[in-house]
Every structure is written in C-alpha cells, then in structure tokens.
Amino acid sequence: MIKSLFYSTVVASLCVASAGHAAHHEAGEKVAAAKTSIKQAVSKNKFRTELDIERDQFRSPIETLTFFGIKPDMTLVEVGPGGGWYTRILAPLVAEDGKYIATAYTPDPKSKRYAQSMKWRETYTAGPMFGKQASARFVGGPVPFAAPDSVDAILIFRGMHGMISYSDADANLAEMFTTLKPGGVLGIVQHREKEDFDNDPKKNMRGYVKQSYIIDLVERAGFKLAGSSEINANPKDPADWPKGVWTLQAGKPLKEKDAKFVAIGESDRMTLKFIKPTGTGR
C-alpha cells in the first residue's frame with residue numbers, strides 16, 4: 001500500500017515536471033519564432049528605404065521589438081507613426097496573422113490641419129503592406145480607437161514629449177489602458193532627459209523627458225513597469241542641447257550630417273515595457 005502510494009506520487013511528480021518542461025519548451029519556441037519573424041520584417045522588407053536601414057544601428061528594431069514581446073499574430077497599435085519608420089516594420093509583420101492600427105491625437109476642428117488629419121485617417125493604411133484589417137484611428141476623441149480589452153500591444157516611439165506637451169496625457173493613457181487586454185503591453189521608447197536637468201516637459205518641449213517622469217505618469221494610469229532596457233541608450237548624447245533633441249539632425253542621411261553629430265549618433269533613449277495587470281479588464 002505504502003509502496004503503491006509512493007510510486008503513484010513519484011509518477012505524478014514526473015508528469016507535472018514533464019508538463020512544465022514541455023510548456024517551457026513551447027514558450028521558448030514561440031519566442032524564437034517571433035524573433036525570426038521580426039528579423040525578416042527588418043531585413044527582408046521591400047517597403048523599407050535606404051535611410052530606414054541606415055538608422056537601424058541607432059534604433060535597434062530587432063532587439064527593441066523582441067524586448068517588448070511583439071508577435072506577428074498580435075493586434076498592434078502604433079501611436080503617432082509620424083514618417084512611418086517603424087510602421088514599415090510593424091505593418092508587414094502583423095499583416096497576415098494580426099492587425100495593425102495607427103493612431104494619432106484627435107485634431108481640433110478649428111485647426112488649419114484638420115482636413116489633412118481627416119485625410120490621414122482615411123488613407124494612411126491604404127497601401128499594400130498593411131493587410132486587410134489595418135486601420136487608422138484617433139486617440140482622445142468621442143469614440144475609442146479600439147474596443148475594451150481587444151489590443152495586445154501599444155507602442156509609442158519617441159512620442160511621449162508630444163503627448164505631454166500638446167494633449168491630455170492622462171486621458172490618452174486611460175484610453176490606452178482600457179483598450180489593452182489584461183497582460184497586454186505598452187512599450188515606450190523616448191528621448192531621455194538627465195534627471196538633474198531643470199525642465200518642465202509640459203511647458204518647454206525639448207523632445208527629452210526624464211525617465212522617472214514617464215514611469216510616474218504611466219503608472220498613475222494603472223500600468224505596471226515590467227522591465228527596462230538600455231537597448232537604445234547612447235552615452236555620447238549629452239541631452240543638453242539648447243534647442244532640444246532636434247539639434248542632432250537625426251532625420252538626415254549620415255553623409256549630410258555635421259561631423260560632430262555623426263560621431264554622436266542619435267539621442268539617448270529609455271526603453272520601457274509596461275503591462276496592464278491581470279484582473280483589471282474593462
């Protein structure tokens with residue numbers, strides 16, 4: 001009887017251990033497969049330009065997207081895609097098995113750019129790289145950009161300074177929190193202000209924001225900091241330029257930059273991964 005109970009316990013323990021090993025192995029395979037898909041979206045991508053590729057050394061897209069846990073079957077939101085540098089990676093990455101959503105801040109009907117903004121919403125995701133489910137939406141408007149608990153990941157690349165200076169950051173983050181699934185990711189890459197630099201990003205937009213400021217702002221919205229990385233750090237950037245981050249001429253090809261800015265590279269950046277805690281659905 002005792003022997004039988006002992007053997008049963010051993011067998012049960014082995015089964016549990018085996019199941020745990022199998023689950024761990026499967027998770028590892030999914031991570032590896034996702035990284036392979038990201039590599040292909042970066043390196044085997046007909047939509048990317050020569051200037052896009054030239055900037056890979058400063059923006060580390062493979063490492064960044066892997067750190068955020070991005071997978072090709074995700075519903076993925078890019079906030080403020082701007083010139084589309086990351087769009088040309090993200091949209092093809094999720095075009096077949098996932099969904100890409102571009103978002104911009106809701107325009108003021110009185111603004112001179114209102115008509116242009118409305119046209120952007122209708123045309124931005126109309127190209128062949130986006131897939132059939134892609135869309136463009138506005139954040140901070142009367143209609144949420146996505147249904148509650150429907151988004152796997154939201155990514156903001158070098159855009160927090162604009163959100164803080166020109167819009168209601170608290171309201172925008174609240175909307176993002178609502179749309180994310182429990183366990184969903186908010187990934188932020190942002191120009192990093194020195195912690196001892198005296199500047200209020202609401203009143204004086206320099207492009208740089210203190211890492212502590214970003215973490216406090218986002219955690220107040222309910223998110224939890226899951227990790228940080230120095231993937232996009234650059235100690236060569238003093239981050240004290242009188243005219244802000246744009247001094248670095250980051251948008252120019254290397255051959256057109258001043259020599260001192262070629263030597264520095266692009267800005268020093270934080271890379272932060274936040275999650276919507278489980279148990280906090282709609």
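Points to keep in mind about this one:
- Think of segment 161-209 as a dipole: +1 on every Lys or Arg Cβ, -1 on every Asp or Glu Cβ, centred on the Cα centre; then among Met205, Gly184, Met163, Gly184 lies furthest on the positive end.
- Å³ per residue enclosed by the Cα convex hull of segment 82-215: 121 Å³
- Rounded to the nearest 10 degrees, the inclination of helix 169-179 to the longest alpha-carbon principal axis of the chain is 30 degrees.
- Largest-first principal axis extents of the Cα set of segment 161-278 (Å): 49, 29, 25
- Protection proxy ranking of 140-151, 194-205, 163-174, 267-278 - average other beta-carbon atoms within 10 Å, highest first: 267-278, 163-174, 140-151, 194-205
- Entries of Lys71/Lys243; Lys194/Lys224; Lys35/Lys210 with Cα pairs more than 26 Å apart: Lys71/Lys243; Lys35/Lys210
The numbers here are math on the coordinates, done by the rules we state, and not lab data. The structure presented is a predicted model; accordingly, all values stated were derived computationally and were not measured. As a convention, Cβ positions derive from the backbone with ideal geometry for all residues, glycine included, and neighbour counts pool all protein chains shown.
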